[in-house]
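Comments concern the structure below.
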Number of protein chains: 2
Amino acid sequence: VTHQSPIVVIDSGLGGLTVARAIRSVLPNERIVYFGDTARLPYGSKSAVTVTTFVKQIIGYLRSHCPKHIVIACNTATALALPSLRAEFPDLSISGVIDPGARAAAEAAGEKLRPVIGVIATEATIRSKAYERALRRRRNHAHILLRSTPLLVPIIEEGRDMNDTVVRLAVAQYLQPLVERKIDVLLLGCTHYPLLKGLFVEMLGMAVHVIDSAQTCAEDVRRRLSAAGLLHRGDVSDRSFQCYVTDDSPKFSELASKFLGFEVDPPTWVKPEELYNQHSAALLRQAI
Amino acid sequence: VTHQSPIVVIDSGLGGLTVARAIRSVLPNERIVYFGDTARLPYGSKSAVTVTTFVKQIIGYLRSHCPKHIVIACNTATALALPSLRAEFPDLSISGVIDPGARAAAEAAGEKLRPVIGVIATEATIRSKAYERALRRRRNHAHILLRSTPLLVPIIEEGRDMNDTVVRLAVAQYLQPLVERKIDVLLLGCTHYPLLKGLFVEMLGMAVHVIDSAQTCAEDVRRRLSAAGLLHRGDVSDRSFQCYVTDDSPKFSELASKFLGFEVDPPTWVKPEELYNQHSAALLRQAI
């Protein structure tokens, strides 16, 4: 691993591209390898065992890139799998999106003794209580309101935007109990949600801080690389952005630039069975 | 294979349970084995190669049940994979949901020379043109209007019903171009959609026939078994209903009775890696 090694960003599909975009903006010279598990997405409705197995396979597959850091750019995967990933790959540097997001939300809550912090996320992320724990560690007296918002990912993946009436109605429904409880901070606990940030701000008003974990996650990555002396020392001519996906549908290419804010080359297709073979090969090596 | 062998019903998740329910109603004495690929759902946004691989693995896994018939109770899987499944398993009797649905829609269109037939389905089903082909074979002069409705599956899986304002607005949006073109028939091209049938009927009025492929698919299964002399000759005391899923989240058990109309035992959990191992073992046997 050198300063020229890539940063690997892993997500169930497209959402993690908002994190990759923030990393590109904070660390413009880095090589980035993005992996979207589009054949098996979404992760947000699935169990811890399933999601952990999927992400372990992906890391096993991407090890050959010798990443200097791996970002789990999916809230569900961070919530359900991060500790077991660190245990499984003790030699790799791995971080997620939940701790940086919770830190930013706790800071945004300011001086209030009992701030009200709302978190919206997928069903699996909410069920894991990972945000609750991460927020409690920093603001033990906060009121924490958790709300799963399962329609938002499909709404965004369908290409609908904040002017669509179905989107506005669904978001208003989901936010209503949070508005009634007068939240001070809304934490967007899913990497898709920054695409609707404008709508959340519009509906909640300027007094509520809307926290997007992509930005704070990227800053966390910079801090880690800096501490390890691994920030890229070249200039932007060295940078690259390489994508892998597990499904070969045209969807990724169609939507990627929307999430990313810049154009990328078509992704490399890795069939899910290649991930399992990788895994079987590793088991076989262990057995021999 | 005997008359006592089970009917296997395969779906990406819960939707195929509406087909299983119709089979139970038409053929009350049969043993039914249901497989929901809940770790890798949905299929509707994914590519033909991915979906075909998934379903081949599932059939390979379930072969040991010696099914007398296999129903691909998922429109996307039928549209993308049925011909390759029949080629891969020439000794098994396999049918899908598209041909029965198209036949029922063509009949419902009645005597009109140029009936207008609307089809709503997932993106992958629409993109495959499978319904268009199946309808054209029967009603070459029909106007066929195809519309992908990607939000309906997540809406139904979230547990929302026809009284929910988001559901009503989304359905109204999706149906509007079909209403403007004065459709005679609406074909529900996804096994989830029968759960919203009441809403489609309400919005379209009694002059439009709403065709649910679950019912016609079940009748098609009865016809096939009868022709093969394989209808179960016992009584209802022999019947059984066994479920397999690939994800161990509580969701399947929570929603299954809603789709099915009766209670079932908790499903057996088959991890996706067991399907790949099965597949690898088969490849290994071929290689030796």
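Answer yes or no: is there a residue in the stretch A:107-120 that is in contact (Cβ under 8 Å) with a residue 40 or more places away in the chain and within 13 Å of another protein chain (Cβ to nearest Cβ). No, the stretch A:107-120 contains no residue that is in contact (Cβ under 8 Å) with a residue 40 or more places away in the chain and within 13 Å of another protein chain (Cβ to nearest Cβ). Scanning the stretch A:28-49 for residues that are surrounded by 24 or more Cβ atoms within 10 Å (Cβ to Cβ) and β-branched (Val, Ile, Thr) yields a total of 1. Taken as a whole, the condition of being part of a strand (DSSP E or B) and more than 30 Å from residue A:251 (Cα to Cα) does not apply to residue A:135.
When A:78, A:53, A:18 are checked against the criterion of being crowded, with 19+ Cβ neighbours inside 10 Å, touching a Phe, Trp or Tyr at 6+ places or on another chain (Cβ under 6 Å) and among the hydroxyl-bearing types (Ser, Thr, Tyr), a single residue qualifies: A:18. All but one of (1) touching a Leu at 6+ places or on another chain (Cβ under 9 Å); (2) more than 21 Å from residue B:12 (Cβ to Cβ) hold for residue A:79; which doesn't? Only one criterion is unmet by residue A:79, namely (1).
Within the stretch B:1-25, the residues that satisfy the criterion of being within 23 Å of residue B:234 (Cβ to Cβ), among the hydrophobic types (A, V, I, L, M, F, W, C) and within 16 Å of the chain's Cα centre (by Cα) are B:7, B:8, B:9, B:19, B:20, B:22, B:23. Might you check whether a residue that is surrounded by fewer than 22 Cβ atoms within 10 Å (Cβ to Cβ), among the basic types (Lys, Arg), farther than 29 Å from residue B:152 by Cα and modelled with pLDDT of 95 or more occurs anywhere in the stretch A:129-136? The answer is yes, given that some residue of the stretch A:129-136 is surrounded by fewer than 22 Cβ atoms within 10 Å (Cβ to Cβ), among the basic types (Lys, Arg), farther than 29 Å from residue B:152 by Cα and modelled with pLDDT of 95 or more. Criterion applied to B:79, B:109 was being closer than 30 Å to residue B:142 by Cβ and touching a Pro at 6+ places or on another chain (Cβ under 7 Å), and the one residue passing it is B:109. All but one of (1) surrounded by fewer than 24 Cβ atoms within 10 Å (Cβ to Cβ); (2) modelled with pLDDT under 95; (3) in contact with a helix residue (DSSP H, G or I) (Cβ under 6 Å, 6 or more places away or on another chain) hold for residue A:214; which doesn't? Residue A:214 satisfies all of (1) surrounded by fewer than 24 Cβ atoms within 10 Å (Cβ to Cβ); (2) modelled with pLDDT under 95; (3) in contact with a helix residue (DSSP H, G or I) (Cβ under 6 Å, 6 or more places away or on another chain) except (1). Each residue in the stretch B:257-278 was checked for being surrounded by 15 or more Cβ atoms within 10 Å (Cβ to Cβ) and either under 18 Å from residue B:24 (Cα atoms) or more than 8 Å from every other protein chain (Cβ to nearest Cβ) (or both), and 8 pass.
Note on the stretch B:138-162: residues that are assigned to a helix (DSSP H, G or I), over 17 Å from the mean Cα position of the chain (by Cα) and within 22 Å of residue B:102 (Cα to Cα) total 1. Within the stretch B:138-161, the set of residues being in contact with a strand residue (DSSP E or B) (Cβ under 6 Å, 6 or more places away or on another chain) and aliphatic (A, V, I, L, M) comprises B:142, B:144, B:145, B:146.
Among residues of the stretch A:136-153 that are over 30 Å from residue B:167 (Cα atoms), those with a Cβ under 9 angstrom from a residue that is surrounded by 15 or more Cβ atoms within 10 Å (Cβ to Cβ) and of a type in the set (Val, Ile, Thr), sequence gap 6+ or separate chain, pair up as A:136/A:144; A:139/A:117; A:142/A:116; A:142/A:117; A:142/A:185; A:143/A:116; A:143/A:117; A:143/A:183. Among the residues of the stretch A:104-126, the ones that are of a type in the set (Lys, Arg) and at pLDDT 95 or above come to 1 in all.
The values are calculated or read from the model by the stated rules, or taken from the named source; none is laboratory data. Predicted model only: the values in this text are computed from it and were never measured. Cβ sites come from the backbone with ideal geometry, for glycine too, and all protein chains shown count toward neighbours.
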